[in-house]
Structure formats: C-alpha cells, structure tokens
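Single-structure report; data block below.
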Amino acid sequence: MPAETPRKSWPMFLLGFFTPFIVGFLTLFALDISWHLFGRRVTWWLEDASCWALPLLYISTLIYSFAKGSRSFGKGLLAAAAVPVLLIGGFFLILYIEYG
C-alpha cells in the first residue's frame, strides 16, 4: 500500500475563498447579458432564481466540502462569507467614528 501524501491545503483554501466571488460575478455577467438579449421579463425571472439558488448552492457546497473531507476548501468558503460581514461592519464603524 503506498504511503499517504499530504494534501496541499493552501490551493484548496484559496479555491474555496474565491469560488463564491467568481460565481457571483459570473451570475451578474449572465444577468447583464440576458437583460440586453431578452429584456426585462426573462431577467426578472433569472434574478429571482439566482436569489434562491446562490445561497442554496453555497450552503450545499459548504456541507459537501466538509462531508467529503476537504476541510481546507470548506474553511475557504467560510472565510469568504466573513469578508462581506467585516466590510459592512467596518463601514458602519467608520460612519460611527465620523458622525458619532
């Protein structure tokens, strides 16, 4: 039986970190293209579908990554979820300091 090779955790962490942002930007790009090609009716339906599908996709990917043993990918997904929270919190902190 061959010896186990250690997994490279940093590439998986970075992949997990940037995956939600890439999926979000590709979704916005697809919505913009559909707006220009098909008009409002199709785009509203796609916007509604993406508001339901993207969080469900994120949660299922997070559960799948920890269930299959790719903890680095899951930690990257969790770190990506913390970025908007920290940015919005920092924005409110700056507003509080500025206008207090």
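Please work out whether segment 11-99 counts as rounded, prolate or oblate from its C-alpha gyration tensor, where a ≥ b ≥ c are the square roots of the eigenvalues and a/c under 1.5 means rounded, while otherwise a/b larger than b/c means prolate and anything else oblate? Because a/c hits 1.5 or more and a/b fails to exceed b/c, segment 11-99 counts as oblate. Using the Cβ-Cβ distance between VAL83 and ARG41 with R0 set to 30 Å, the FRET efficiency works out to roughly 0.35. Using only side-chain charges placed at the Cβ, +1 for Lys and Arg and -1 for Asp and Glu, the dipole size of the chain relative to its Cα centre rounds to 360 debye. Helices in the chain, meaning DSSP H runs of at least 4 residues, each add -39500 (n - 2.57). Divided by all residues, the mean residue ellipticity at 222 nm is -31500 deg cm²/dmol. Residues of segment 40-64 falling in the label zone of VAL23, defined by backbone nitrogen less than 14 Å from a point 7 Å along Cα to beta-carbon, are 50-64.
Coordinate-derived values only; no laboratory data. This is a predicted model, so every value here is computed, not measured. Heads up, the Cβs are rebuilt from the backbone with ideal geometry, glycines too, and the neighbour counts pull from every protein chain shown.
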